[in-house]
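Notes follow the structure.
The values are calculated or read from the model by the stated rules, or taken from the named source; none is laboratory data. Nothing here was measured: the structure is a model prediction, and the numbers come from that model. Don't worry about glycine lacking a Cβ; one is built from the backbone with ideal geometry, like all the others, and counts go over all protein chains shown.
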Amino acid sequence: MFAARAILVSLGFLAALYCLLSLLVVCVWNGWNRLRRPATFDSPGLLFALRVFPLAASTLFTLAFALPAFLHLESGAIDEDSGTMIFLCCFVLFFLAGLLRILSAQRKSSQVAGEWLDGARVVGENSGALTVADHEGVPPLVLIGLSRARVLISNAAFSMLSGNELRVALRHELEHRRSRDNLKKLVLHGATFPGMASLENAWKEAAELAADERAVSTQAEALDLAGALVKLAELTPLREPPLLTTALVTSSSAVALRIQRLLAWQENKASHTTIQYYLFPLMLAAILAAAANYGWALLLTHRITEWFIH
């Protein structure tokens, strides 16, 4: 019973902290959007970090402080009333709903991918392999799957693109695979919160721009990718693919903006400082401060938990 209470209270604390931090992120993001001019972001890593910050921070804080504080400082007597227990159970259902969203997305994506792969053939070898599909609903070029993601191309797109255009378009999708963007989509789908759609769309757009930029290393390749985007955008009506896929061209991928940036491509745009160089010193300082005051932090966390419960 004590272990069950610890788990229930910890999950309730985690969910409450997640909601508070998510609300803070929504307010910060909306405020920033009101202050700045409409613009695109060149750092998908920063946007993704901002989006998953509530989930990561609340999980880490619960495991490092809330759960240990309950185990070490809580008595064996049951002091939660029935209303509090119902409240905490609602938070547990909140997490179960996220898990069900993830499982449902995986099931639907696997079903669609199975239909697309029926009768498909593989061309190329190793990481540069392409799967050519005859299915009518296949997007022109799309990355499907998670751990063993593969690039799928429709027969029409395979016939339409030149060798150079196909090569650089494939490289674009492989950049998405290297960044594990399909997995990131799944995480965001499970960690839903009202008001986050704008931030998630900004991340998706930035991820497409970043993959475009990493896929090209010369102006000629930038022109080839721009040409591939033009051809594939006109090939078929633009539709949103399943969740666990990343298509080269969709209705939400800002094709016109991407083509414009590729046509204006310059070599010095290709280098960006990664986000971890900025975050690592802050994270290290926070860990050292928490370790130096761990006992006091546990006591404070336990008091906050008691206030939250009662």
Filter result (more than 20 Å from Ile102 (Cβ to Cβ) and β-branched (Val, Ile, Thr)) within the stretch 173-227: Val216, Thr218
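Taking the stated definitions as given, is Gly227 at positive phi and either at pLDDT below 95 or not in a loop (DSSP other than H, G, I, E, B) (or both)? So that I can check it myself, show each step before the final result.
Working: at positive phi: no; either at pLDDT below 95 or not in a loop (DSSP other than H, G, I, E, B) (or both): yes.
So Gly227 fails the test.
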Residue list for the stretch 11-61, filter: at pLDDT below 90, within 25 Å of Thr301 (Cα to Cα) and either in a loop (DSSP other than H, G, I, E, B) or small (Gly, Ala, Ser) (or both): Gly12, Ala15, Ala16
Number of the exception - Thr246 against (1) farther than 18 Å from Val142 by Cα; (2) crowded, with 20+ Cβ neighbours inside 10 Å; (3) of a type outside the set (A, V, I, L, M): (1)
Failed item in (1) over 25 Å from Leu21 (Cα atoms); (2) surrounded by 15 or more Cβ atoms within 10 Å (Cβ to Cβ); (3) in contact (Cβ under 8 Å) with a residue 60 or more places away in the chain, with Arg150 passing the rest: (3)
Candidate set: the stretch 193-215, residues that are more than 14 Å from the chain's Cα centre (by Cα) and in a helix (DSSP H, G or I); chosen: the one farthest from Leu24 (Cα to Cα): Ala215
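Residues checked against (1) outside any loop (DSSP other than H, G, I, E, B); (2) at pLDDT 70 or above; (3) within 17 Å of Phe70 (Cα to Cα):
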| residue | (1), (2), (3) |
| --- | --- |
| His272 | no, no, no |
| Tyr277 | yes, no, no |
| Leu282 | yes, yes, no |
| Ala285 | yes, yes, no |
| Leu288 | yes, yes, no |
| Leu298 | yes, yes, yes |
| Thr301 | yes, yes, yes |
| Ile304 | yes, yes, yes |
| Phe308 | yes, no, yes |
Residue match in the stretch 84-95 (condition: out of contact with any Lys or Arg (no Cβ under 7 Å at 6 or more places or on another chain), modelled with pLDDT under 85, among the hydroxyl-bearing types (Ser, Thr, Tyr) and exposed (fewer than 13 other Cβ atoms within 10 Å of the Cβ)): no
